[in-house]
C-alpha cells in the first residue's frame, strides 16, 4: 500500500522523535485545521494520552477570539497550565506535517514562555 506524502512526513517525524525519546519526556503532538488548533501530550511508552487542550472546548470557544494567532496563544497557555498541574515540564515537540512558522511557531513560543522545556 502506497502512503500519501503527508502520511510519509508524519511517519518520518514521529519515528525520529520516538528514537530519541527517553522515559522522562513526553511527546506534544499538535494539530491545526483552518479554524481550530489542538494539542495533546502523549506517553509513547504506555501509548496513553496524558492531557490535551483544544480551541473547540467550550470555555475557549466562548472567548470570541478575533484571529487564529490569538487562539493559538490561549490554547498554549491552557496546555501549559495543565502541564504545570501534572508536573510535566520536559517534552518533545511533534509538529507533524506542519512547518514551524505561523500559528505553530506562536504556539511553541507561548509554551516556552510558560515554562515548558523542549
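The values are calculated or read from the model by the stated rules, or taken from the named source; none is laboratory data. Keep in mind the model is a prediction, meaning the values are calculated, not measured. All Cβ positions, glycine included, derive from the backbone under ideal geometry; neighbour counts span all protein chains shown.
May I ask you to list the residues in region 25-45 that are within 17 Å of residue 101 (Cα to Cα) and touching a residue at least 40 places away in the same chain (Cβ under 8 Å)?
Within region 25-45, 28, 29, 30, 31, 32, 37, 39 qualify.
All but one of (1) surrounded by 12 or more Cβ atoms within 10 Å (Cβ to Cβ); (2) under 18 Å from residue 117 (Cβ atoms) hold for residue 85; which doesn't?
(1)
Can you tell me which residue is nearest to residue 105 (Cα to Cα) among those in region 50-85 that are more than 16 Å from the chain's Cα centre (by Cα) and not in a helix (DSSP H, G or I)?
67
With the checklist (1) surrounded by fewer than 16 Cβ atoms within 10 Å (Cβ to Cβ); (2) assigned to a loop (DSSP other than H, G, I, E, B); (3) in contact (Cβ under 8 Å) with a residue 12 or more places away in the chain in hand, flag the one item residue 99 doesn't pass.
(3)
Considering (1) in contact with a strand residue (DSSP E or B) (Cβ under 9 Å, 6 or more places away or on another chain); (2) free of Cβ contacts under 8 Å to residues at least 24 places away in the same chain; (3) surrounded by 15 or more Cβ atoms within 10 Å (Cβ to Cβ), say which one residue 48 fails and leave the rest.
Status for residue 48: all satisfied but (3).
Would you be able to say whether some residue in region 23-40 is assigned to a loop (DSSP other than H, G, I, E, B), surrounded by 15 or more Cβ atoms within 10 Å (Cβ to Cβ) and at pLDDT below 90?
Looking through region 23-40, at least one residue is assigned to a loop (DSSP other than H, G, I, E, B), surrounded by 15 or more Cβ atoms within 10 Å (Cβ to Cβ) and at pLDDT below 90.
In this structure, does residue 117 turn out to be closer than 21 Å to residue 19 by Cβ, touching a residue at least 12 places away in the same chain (Cβ under 8 Å), within 15 Å of the chain's Cα centre (by Cα) and surrounded by fewer than 12 Cβ atoms within 10 Å (Cβ to Cβ)?
Spelling it out, residue 117 is indeed closer than 21 Å to residue 19 by Cβ, touching a residue at least 12 places away in the same chain (Cβ under 8 Å), within 15 Å of the chain's Cα centre (by Cα) and surrounded by fewer than 12 Cβ atoms within 10 Å (Cβ to Cβ).
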